[in-house]
Each structure stands twice: as C-alpha cells, then as structure tokens.
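Only one structure is covered here, and it is reproduced in the block below.
What follows is calculated from the coordinates using simple rules that are stated; it is not laboratory data. Here the structure is a predicted model, which is why all the values come from computation and not from measurement. Glycine also receives a Cβ, built like all others from the backbone with ideal geometry; neighbour counts cover every protein chain displayed.
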Amino acid sequence: MRKVTAGLFHSIDGAVEAPDKWQFDAFDDELGASLGRTLQVVDTVILGRVGYEAWAKDFGEGSDDFFGPFINNVPKFVATRTLKGPLGWQNSTIIPGDLDAFVRDLKNKPGGEIAVMGGISVVRHLFLAGLLDELTLITHPVVAGSGYRHLFDAKDTVRLALIRSETTSKGNVVSTYGLK
C-alpha cells in the first residue's frame, strides 16, 4: 500500500498559510536537502483548489530549478468543488467524486508516495479522516503574528505519534507525525 504524506511550513505560533511572508531567511541547505529527498520518492501529488491555482501560475509558466521540474512533471490530482475540467496545467486532473474514496483507491494502486501539497484544508481533512500516513511540520523559528490560517481548529483531542525529528543549523525543527 502506498503512503500518503504532507509537509507544511509552520511558524512557532502555528501559522501554516503564506510561509513566503514569514519564513524569511530560515530556509537553509539542510532543509533543502531534506525536501529534495522527499521529492525523490513522491510520484503523485494531491492539491487543493487554492494551491492548484497559485502553483499553476507560479510554476506552470516557468519556475525555479529545484521544485519546478518536479511539480510540472508529476501527476497532480486537484480536490475542488468549483473548478471544471479539463485543467490547463500539465498533468493535472480534477478528483472525480468523493476525496476519501479517491485517496483510498489511489493508495491501493502501484507507485511511490502520494504527497498532499498546496492545500491546508485537504491536509487537515485527510489527516483527521485517517488517510494521511505522515504529517511533517517544518517549524521555522519565527512568530508569524495574526492574520494567518492555522492547520487545526480541532474540537476534540487528537493524539499523535512522533515518527522522526531533526533540527537544522538555522533552527528549523522538522517533525514528522502519524496518528496514534
């Protein structure tokens, strides 16, 4: 069975939205190497609509040498209730029907890891539905302040198990969790 993973940049005060506005110079070589290792095992990406629209614009029209070649070439499935197909960004398809059923089916097909990217709501939903095997929080040493979305606003306590953790030279803490 394939593993479904997600990784989010995260501030000390819990912000996960718009990391480009608050992560500043905390991104370091160790973090880049860690993300590079992650991309080597991912062969399928699930995106939310907002992430899809932003990334199609940012990466679909040319991009950096690190992430651009990966995200442009990988098959991308988009969770949306508002977009209609076909989608313009290469290798992008709207998820037909129920997200949970689609992910369960995808997990049972041959292939590498499935990464949920560019969709805070999708990450939250799949994690709490028990369909996300690993959630990596890349906590930058910064307080983002008010005005940013946080990952969870859970009504019930959810216990997590720490799978692994590392700290980079600039103080980023990369922690990977699973459901307990």
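Quick rundown of the values:
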{"item": "The chain - percent relative contact order, Cα under 8 Å, separation 6 or more", "result": "37"}
{"item": "Gaussian network model of the chain, Cα within-10 Å springs - most flexible of Gly48, Gly32, Gly60", "result": "Gly32"}
{"item": "From phi via Karplus (6.51, -1.76, 1.60), per-residue ³J(HN,Hα) for the stretch 26-31 in Hz, x at Gly/Pro", "result": "6, 6, 10, 4, 5, 5"}
{"item": "Total charge dipole magnitude, the stretch 4-179, about the Cα centre, Cβ charges on Lys, Arg, Asp, Glu only, Debye to nearest 20", "result": "600"}
{"item": "Sequence-distant residues sharing a close amide H with Gly119 (under 5 Å, placed H)", "result": "Gly48"}
{"item": "The chain - mean residue ellipticity at 222 nm from DSSP helices (-39,500 (n - 2.57) per run, n ≥ 4, rounded to 500)", "result": "-8000 deg cm²/dmol"}
{"item": "Highest average packing first - 12-25, 108-121, Cβ atoms within 10 Å", "result": "108-121, 12-25"}
{"item": "Scattering profile of the stretch 4-179 at q = 0.16, 0.18 Å⁻¹ [log10 I(q)/I(0), Debye over alpha-carbon scatterers]", "result": "-1.04, -1.35"}
{"item": "Chain lengthening between Ser121 and Phe102 when straightened (0.36 nm per residue, less Cα-Cα)", "result": "5.2 nm"}
{"item": "Loop-located trypsin sites (Lys or Arg not before Pro) in the stretch 66-96 whose Cβ has at most 13 other Cβ within 10 Å (DSSP)", "result": "Arg81, Lys84"}
{"item": "Inverse of mean 1/r across different Cα pairs in the stretch 17-110, Kirkwood, Å", "result": "14.8"}
{"item": "Of all DSSP beta bridges in the chain, antiparallel share, percent nearest 5", "result": "35"}
{"item": "FRET efficiency estimate (nearest 0.05) - Cβ-Cβ, Val50 to Lys84, R0 22 angstrom", "result": "0.85"}
{"item": "More than 21 Å apart - percent of Cα-Cα pairs taken over the stretch 84-169", "result": "48"}
{"item": "Computed FRET value (nearest 0.05) for Ala18 with Phe152, which takes r as the C-beta separation and R₀ as 30 Å", "result": "0.95"}
{"item": "Rounded FRET efficiency, nearest 0.05, which uses the C-beta distance separating Ala161 from Lys57 and R0 of 25 Å", "result": "0.10"}
{"item": "Neighbour cut-off at most 10 other Cβ (10 Å), DSSP loop, GluC sites (Glu not before Pro), the stretch 20-112", "result": "Glu61"}
